[in-house]
1. Any idea what the alpha-carbon Rg over 2.2 N^0.38 Å comes to for the stretch 314-433?
2. Averaging the inverse of every distinct alpha carbon separation and then flipping it gives the Kirkwood radius. What is it for the stretch 587-687, in angstrom units?
3. Once the Cα gyration tensor of the stretch 525-677 is diagonalised, what are the square roots of 5 times its eigenvalues, in whole Å and ordered largest first, as equivalent ellipsoid semi-axes?
4. If you wrap a convex hull around the C-alpha atoms of the stretch 180-315 and split its volume per residue, what is the figure in Å³?
5. So in the chain, what percent of DSSP beta bridges are antiparallel if you round to the nearest 5?
6. How large is the convex hull of the C-alpha atoms of the stretch 784-884 per residue, in Å³?
7. So what's the chain giving for Cα Rg divided by 2.2 N^0.38 Å, two decimals?
8. Taking Rh as the Kirkwood radius, which is the inverse of the mean 1/r over Cα pairs, what is the Rg/Rh value for the stretch 833-891?
Amino acid sequence: MSSSRWLSQHLRLQIARRSFSSNAEVPPFQKLLAANRGEIATRICRAGAELKIPTICAIYSQQDRLQQHRYKADQAFSLNPDLSPVGQYLDIPGIVEICKKNGVDGVHPGYGFLSENANFANSLESAGIKFIGPTVENLSVFGDKTQARQTAERLNVPVVPGSANAVASVKEARDYIQTIGYPVIVKAAMGGGGRGMRVVTREEDLEQLFTTASNEAYNAFGDGRMFIERFVANPRHIEVQCIGDGTGDVIHLYDRDCSVQRRHQKVIETAPALDLPPATRKSMLDDAVRLLSDVKYKNAGTVEFLVDTEGRHYFIEVNPRIQVEHTVTEEVTGVDLVQTQIKIASGQTLKSLGLTQDSISVNGYAMQCRVTTEDPADDFRPDTGTIDVFRMPAGMGIRLDDGPGFPGAKITPHYDSLLVKITAKARERSEAIKKIVRALKEFRVRGVTTNKSFLLNVLQHDDFINKPVTTKFIEDHPDVLSPIISQDRAQKLLHFLGNVIVNGPEDKGVQQGVDSPHTTVEPPTFSPSNDAKPTLRSIYVNEGPEAFAKAVRDHEGLLVMDTTWRDAHQSLLATRLRTYDILKVAKATNIGLRNAYSLENWGGATFDVCMRFLRECPWDRLEQMREQVPDIPFQMLLRGANAVGYTSYPDNLVHEFCKTAVNHGMDVFRVFDSLNYLENMRLGIDAVGEAGGIIEGTVCFTSNLSSPRYNLEYYVDFVQKLVDCGIHVLAIKDMAGLLTPGDAKKLIGTLRQEFPTLPIHLHTHDTAGTGIATYLAAYEAGADVVDCAIDSMSGTTSQPSLGALMHSVPDNLSLNTGHVHELNSYWEETRKLYAPFESGQKSGSADVYVHEMPGGQYTNLMFQSGQLGLASQWSDVKKAYADANELLGDIVKVTPSSKVCGDLAQFMVANGLSKEDVLEQADTLSFPNSVIEYFQGYLGIPPHGFPEPLRTRITQNKPVFEGRPGAEMDAYDFPAKEQMLKEKWSNAAGHPVRDVDVLSHAMYPAVFEDFMLKTNEFGKVSMLDTPTFLTGMKIGEELAIQLETGKSLIVKLLGVGVPNEDGIVDVNFELNGQSRIAHIKDLSVSSTVKERQRALIDVAGSVGAPMPGVVVETKVKKGDKVNAGDPLVLLSAMKMETVVSAPCSGKVLNVEVTSGDQVNAGDLVVEIEEEYDHQEVA
């Protein structure tokens, strides 16, 4: 049997079954067609099914072919795809032909489109098809607002002063307005729904607003004529629902309050109206019935009124159709309006239906809100896109009328933005509000922006809850437009995972082909310590920095700072250690290393890497670590006047940074300068002291003590200057591991003699493998503290091994050996997760004594050289590093001075330059910026000055600093920067802009901006385990992701699609048992769809589309002169027209769009060469 024959038999069988099951009822029609789309089409289908109409039909445009109203019907017929998206639903001949061809005997037009079109009704009636709505005569009277007004005036129904007839031109409008004055409201002679309606307050705006409203009306209803009325200020908008049967018998179903509106389109409706004076209510109800009875009105209709502040009512119009808000009337009266419409159209009367005025009463309150795809915070800009998540609410007293919303639905700019109507019913209005608020909070839509937060703001506003509101409610309460940011954590997280799966690791430092093993590493658990002895941190917190320093000096034996959480992973794993893996072992560390001097865990390179690569806030990281580790002092690296950056900052910024760091849990600040430039250090020392932190003043060690420049006298003199600055602890920072055991004994011994009460803290790297020997020599000479790393994170360019030191001085370290070994086991397994960041270095190298490269830089520079194509010349880079150091003046090398040396070395190798070549060609070489800025003095002044004439030849005519670079900088304007960030990034990270965000932006503006962009796109990703964060998921893998206490996600990867023509890949997940899809752009695939150029945000003449939409008309062409405010392009989105105006005066360089083009928000539409006032510039 053929499929078509089978379908035909199947449909006949269905009809027969329906007829058999309802042989006691005669259906009002045999074949009903819903001549509309979206939720109202679905509503009509449902009403028809309940009336047991054998066949329910739908129509659909090409753009709506995937919408649910098509498949909710028994049959669905395609409209003419050659017409515009709206034009297809306005095609009277085409729709009538569909009805005739397919045996339709009743057509319900819904609201909008052709619902008030007398020609449509007449065409159907002429074809023997019932129009389920008013008669043609009714439509002629009330579909035309002019005739409706004349009828009201004849019956002495109060009206607002307005034009007797519709006007078609601006001139006619201007002539009439001269007789009544401004303000006026111009509104479409046909149609409604807020479209084709504008308030005009002054003559200068009339032409643009009239034209826009007229075009909007024409596009929506096929008639651009306008009606003009005096604008009544601050009224309530009350309407009366009526039903007539064409005999003159009309009843009302009481009133609805529709005062909460935007752009004259209703947003929230309530039945009955709150606190309406009884006399006003009775007069309105009587006038409504009298008006419709006079014309023998047939079917459902709504009489709309304005009620002023004195309680006087004025007739506005009759809407001769069902309305969007009919649901609230149905809920409080129990009358199914759509079914009643169908029954009356079939010939029944109010009497035969048992509908008399006495039988209608109001029971409780009902409230409806319209959830739309609009952004209230952006002037209700319509949004478009694909709905990824659509989870509807439910429960007692909640009704849903759904339309185009479902997972996977494409929201286009062609139609009304309504997604779903939510209606709540309760005995009291306050209870209805609570129900609808609860339902909105349950409702989830992802993929497009909705007005949900706006609705919640209105519904929870005290004025809305406690008293009647007017049509100016939104205008008078702009705070309701403030967005309630939905975190959207789950969908953003899936988008991040999908992006990693499709495009690979976001962090390009991940070595290709090196996987992070998907294993779970369990941390050790220790019993709490019974040691009653106060920890060093408790001494600091309770007694202050001086008491801390004295306790360190009085301590018997050697103290240790563990660098695992900062310098160790910076040296070995490109600073990529994530907070996730630190927090897992934090509690155990708090017990196992309780008696340590400190944990180095913040500052230096970890600050920007947190944002740049780990997608974490460094301040949150610090706060979380402190929460888990309350007993051990935290230590950070502070680059003096450079704070945690690579440049100079205003003094007040450095002070604020240190104060905030202390408030977030930082204790010890290792203050250093990359050139041992005391003036830079002095600012950091003062800032830490003022903040109440522990000042660990630092001298950076380089070369060896036999050096004529950096001999014993140099270091003793420098330390004296630090002591004079008021430091609490001395740090000797041997960043390259150059300090030999012999020099250590000599240096520490001398300093101990010179400064007997000053705690001495030694830091080195184990690049040459002599670290433990150096520490033992230093300890014997009087050092109080040394830096080590957990064994599995130690050695080579990292710090010496903590385990090795413990066993070398077993009786002199106050640490539990068993605990340390268990912590080592955790880090041994955890390090494997970071395999993609391993440098490949297998052993130490004694050539560090030649090139003097810091351990923290060694692996990073090795990676950078590979990126620059110099991997095979790594030995040459190391040699060039030594030459670069000499060219720079034999300097101390630590970030950022070490970066200057590394940049110069790579520059020399890449260009085949020797030291002599650089000296000879300095005038003509294009040096790296870091090198030029070094010679300008941006980092300060090196210990022995700048080498001349090289400095002069490199800087040439550029300005140079002869003192501290930041000394003359203006104070940082915190309020202004905070306001700027709030305007740009408020709630982008799921919280308001905080003081720490301002500091992060101040340190690294570009890095912070990128971090916020990514956080806004992907949300917080710090809760992901490291293998998943780095390399994504494998098909079939299931993860449990904890978002917060008591809230977790179960995510499973089901499959990965192939790129479509736009290069989009669908990544299929299962989230908490429900299917979710992430649509990911495959960056390796070129889209076949041309991507439009984006407007430049900071360039006034680069004019972007304010919203997604379709270009209706371009108003200018290339070469035109325009003034600020002139119209450039007319856009239409969801039947709302918007004029894109010139933001500045100038000459049109390019018009990037033409009529019919579809654009997204931000797409470039016009380029203007801005015209400047030359006198003002001069």
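1. 1.29
2. When all Cα pairs of the stretch 587-687 are included, the Kirkwood radius is 14.1 Å.
3. 25, 20, 14
4. 119 Å³
5. Numbers: 103 of 148 bridges.
Approximately 70 percent, going by the DSSP bridge assignments.
6. So the per-residue Cα hull volume is 114 Å³.
7. This ratio for the chain stands at 1.18.
8. When Rh is taken as the Kirkwood radius, the ratio is 0.99.
The values are calculated or read from the model by the stated rules, or taken from the named source; none is laboratory data. Predicted model only: the values in this text are computed from it and were never measured. Ligands, DNA and RNA are excluded from the accessible area calculation, which covers all protein heavy atoms including side chains. Shrake-Rupley method; radii C 1.70, N 1.55, O 1.52, S 1.80 Å.
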